[in-house]
Amino acid sequence: SITHSHATGSVSGYELLGGLVARNESTGTIADSYATGNVGGPSDYIGGFVGRNMGTIAECNATGSVSGDDTIGGFVAVNDGGTIRDSYAIGAVSAGSGYVGGFVGANDFGARIDNSYSTGRVTAPASDSVGGFAGYIWNTVIAHSFYDAETSGQSDAGKGEPKTTAEMKD
């Protein structure tokens, strides 16, 4: 378990990167923590907070920008059957291709996200796998989670709810 922790430096490298943790296993819990540095590299599975989550994340945030090639998320690159709640990402997200989201790049295998949001700009080639909140979803639940449609530059629905900047402040 990781609680009451933070990372402030930038992270760069090749594949499976996170601002705080690269990989949170199914028995892992991360709570009340944050990452503020920029995260990026010329590769895949890059998240502002965690690269790959299979465990539980609660009450955490990421504020740095995130960039990479494929499966890039402002908070988590891929949420594989994990649970995320009460968390947010506000950094810009950019990718060359693939699954890209302001909060999570891919959310699959029974993963769940509750009460979370993202506000960062999402820049990626247009596809069904790019979204203001989530890029790719399969067999998941995203509940009470939002993204700023104005600042993100995205307008998708069904993978997090789009809101105006004024609505996000409410």
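The values are calculated or read from the model by the stated rules, or taken from the named source; none is laboratory data. In this text the structure is predicted, and so the values were computed from the model without any measurement. As a convention, Cβ positions derive from the backbone with ideal geometry for all residues, glycine included, and neighbour counts pool all protein chains shown. When the accessible area is computed, the model is the full protein with side chains, heavy atoms only, and any ligands, DNA or RNA have been set aside. Shrake-Rupley method; radii C 1.70, N 1.55, O 1.52, S 1.80 Å.
Some notes on this structure:
- The chain shape via C-alpha gyration tensor axes, a/c threshold 1.5: rounded
- Residues whose amide H comes within less than 5 Å of that of Ser67, counting only those at least five positions distant or on another chain, are Val39, Gly40, Gly41, Ser94 (H built at 1.01 Å from N in the peptide plane).
- Segment 1-61: C-alpha gyration tensor shape, a/c 1.5 cut-off, then a/b vs b/c: oblate
- Accessible surface of segment 1-137 [probe 1.4 Å, protein heavy atoms]: carbon and sulfur percent: 46
- The amide H of Ala106, built 1.01 Å from its N in the peptide plane, has Val78, Asn79, Gly135, Tyr136 as neighbours under 5 Å, considering only residues 5 or more places off or on other chains.
- Measuring with a 1.4 angstrom probe and ignoring ligands and nucleic acids, Glu59 comes out at about 100 Å² accessible.
- 3J(HN,Hα) from dihedral phi, segment 78-95, Karplus parametrisation 6.51/-1.76/1.60, rounded to Hz, x for glycine, proline: 9, 9, 8, x, x, 10, 10, 9, 6, 9, 8, 9, 10, x, 5, 10, 9, 8
- Relative contact order [Cα under 8 Å, 6+ residues apart], segment 22-145, whole percent: 21
- Annotation: peptides 142-153, 97-108, 61-72, ranked by per-residue average of other Cβ atoms within 10 Å with the highest first, follow the order 97-108, 61-72, 142-153.
- Rounded to the nearest 20 debye, dipole of the chain from Cβ charges on Lys, Arg, Asp, Glu: 160
- With contributions of -39500 (n - 2.57) from each DSSP H run of at least four residues, the per-residue ellipticity at 222 nm computed over the chain stands at -1000 deg cm²/dmol.
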